[in-house]
Every structure is written in structure tokens, then in C-alpha cells.
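Worksheet for the structure shown next.
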Amino acid sequence: MRLIAGNMVVEFAFMAEPPFQGRRPVYLGDDTTDEDGFAEVNRRSGVSIRIGCQSGSTAAVFGLSSVRGAREWLAGAPHLPAT
């Protein structure tokens, strides 16, 4: 574990524990404190999605323009968002 600065942020990964073991991780985030999460999910062949306008580079492979778009995608889109 390591501590990073953030506002109201708590993140834990349980990918080695049942029922998550062997599953494909999905990570959605909207700011620079999420970059480590994007990188880790990419390392595990998961799906990393940046929400909102990005300033600078990001490790996220996919992007959604807004929280509304993320909610719509989570509500039932059967495919990955466009890059």
C-alpha cells in the first residue's frame, strides 16, 4: 500500500480474492489521482476509462465525455466505449 494525495479518495483492489479472482477489471476515473488505477488495470488486461475532458496525457485506454455518458454505459452498453 501507499498513500497518495486526493480529495475523499479510498481505493482498494481485491483482484486476487474470490469472487474477483480471474475476472477482468474495469476502472473508471475522472482525475489525475486515477492514473495509477488506469495503469494497474491495463497491466491486468482490463478496461481503463477516463471520464470527462482530459488535460494532458492519460493511461486510460478509453474515454467517455461525461458522468452522464459513464452512467449510460454502465446501465447497459454491451460494448466498450470508443477511444
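Restricting to the range 26-48, count the residues that are in a helix (DSSP H, G or I) and of a type outside the set (D, E, K, R).
So the answer is 7.
Residue 15 passes all but one of (1) within 19 Å of residue 73 (Cα to Cα); (2) at pLDDT below 90; which number fails?
With (1) within 19 Å of residue 73 (Cα to Cα); (2) at pLDDT below 90 applied to residue 15, the lone miss is (1).
Taking into account only those residues within the range 22-41 that are among the β-branched types (Val, Ile, Thr) and in contact with a Gly (Cβ under 7 Å, 6 or more places away or on another chain), which is nearest to residue 74 (Cα to Cα)?
26
Go through the range 20-54 and give me each residue that's among the hydroxyl-bearing types (Ser, Thr, Tyr) and over 21 Å from residue 8 (Cα atoms).
Correct list: 45 only.
May I ask you to list the residues in the range 9-32 that are of a type in the set (Lys, Arg) and either in contact with a Cys (Cβ under 6 Å, 6 or more places away or on another chain) or touching a residue at least 12 places away in the same chain (Cβ under 8 Å) (or both)?
24
Only one of these is under 9 Å from the mean Cα position of the chain (by Cα) and touching a residue at least 24 places away in the same chain (Cβ under 8 Å): 35, 40. Name it.
Criteria check complete, one pass: 35.
When the range 7-25 is examined, which residues are found to be surrounded by 10 or more Cβ atoms within 10 Å (Cβ to Cβ) and more than 19 Å from residue 47 (Cα to Cα)?
9
State whether the residues of the range 61-78 include one that is within 15 Å of the chain's Cα centre (by Cα), in a loop (DSSP other than H, G, I, E, B), modelled with pLDDT under 90 and surrounded by 10 or more Cβ atoms within 10 Å (Cβ to Cβ).
no
Determine, yes or no, whether residue 52 is surrounded by fewer than 17 Cβ atoms within 10 Å (Cβ to Cβ), of a type outside the set (S, T, N, Q) and at pLDDT 90 or above.
yes
The values are calculated or read from the model by the stated rules, or taken from the named source; none is laboratory data. The shown structure was predicted, so the numbers you read here are calculated from the model rather than taken from an experiment. Cβ sites come from the backbone with ideal geometry, for glycine too, and all protein chains shown count toward neighbours.
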